[in-house]
1. Can you pull out the helices (runs of 4 or more DSSP H) entirely within the stretch 91-173 that have at least 1 residues that are free of Cβ contacts under 8 Å to residues at least 12 places away in the same chain and among the aromatic types (Phe, Trp, Tyr)?
2. If you take the residues in the stretch 114-136 that are of a type in the set (A, V, I, L, M, F, W, C) and at pLDDT below 95, which one is surrounded by the fewest Cβ atoms within 10 Å (Cβ to Cβ)?
3. Within the stretch 43-80, can you find the residues that are at pLDDT below 95, open to solvent by 50 Å² or more (accessible area, probe 1.4 Å) and closer than 13 Å to Leu147 by Cβ?
4. Output the number of residues of the stretch 137-170 satisfying the condition of being open to solvent by less than 70 Å² (accessible area, probe 1.4 Å) and charged (D, E, K, R).
5. What do you reckon, is Ile34 open to solvent by 20 Å² or more (accessible area, probe 1.4 Å) and modelled with pLDDT of 95 or more?
6. Would you check if there is a residue in the stretch 3-25 being exposed (fewer than 15 other Cβ atoms within 10 Å of the Cβ), among the small types (Gly, Ala, Ser) and modelled with pLDDT of 95 or more?
Amino acid sequence: MNQSGNKGKLPLICLLLGIITGAVFWPAVYHEFINYDDPDYVTANEMVKRGVTADGVAWAFTTGHAGNWHPVTWLSHMLDVSLYGLRPMGHHATNLLFHTANAILLLLLLRQMTGSVWRSATVAAFFALHPLHVESVAWVAERKDLLAAFFGLLTLMAYAAYAKSRVEGRGSK
């Protein structure tokens, strides 16, 4: 089938990829917090436990807590606490949503760069379902990995669009 015929199927493929990814990783939302890094990041972190506050936002941008400077991760955890309190299900569900979004973004990026729907979907499915991603989805403190992938994929999509516009702009002169 030609690629233009597949373009209309892209939303359906994205939906299917999201459903499959969610189904495979859904059991993770029932996990508790773990005692490895989750206390540093959420359960024993007094700034994060307050939820999103002005002091918390300032702290997120100025701290090197837990050996890292990652304000977006801290803000994400604070938002989770504001939304779900310290109930682990919500925190795990956020990780699952980010992982699912990352799989769909990868599909869209690869489609954008290659024009191939089915090959892009295959690669995105391998990414989404690969066992190496269990840690990032099931471990609340690994939110930083999911956020890095999310913003990295968005950046690559923006750059690919920019590069394509530059190439198309040269062809019309």
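The values are calculated or read from the model by the stated rules, or taken from the named source; none is laboratory data. Note that this is a predicted model, so its numbers are computed, not measured. Note: ideal-geometry Cβ built from the backbone for every residue, glycine included; neighbour counts use all protein chains shown. Quick note on the areas: whole protein, heavy atoms, side chains included, nothing else; ligands and nucleic acids left out. Shrake-Rupley method; radii C 1.70, N 1.55, O 1.52, S 1.80 Å.
1. 117-129, 143-171
2. Among those residues, the one meeting the criterion is Leu132.
3. Residue satisfying the conditions is Asn68 alone.
4. Residues meeting the conditions: 4.
5. When the stated conditions are applied, Ile34 does not pass them.
6. yes
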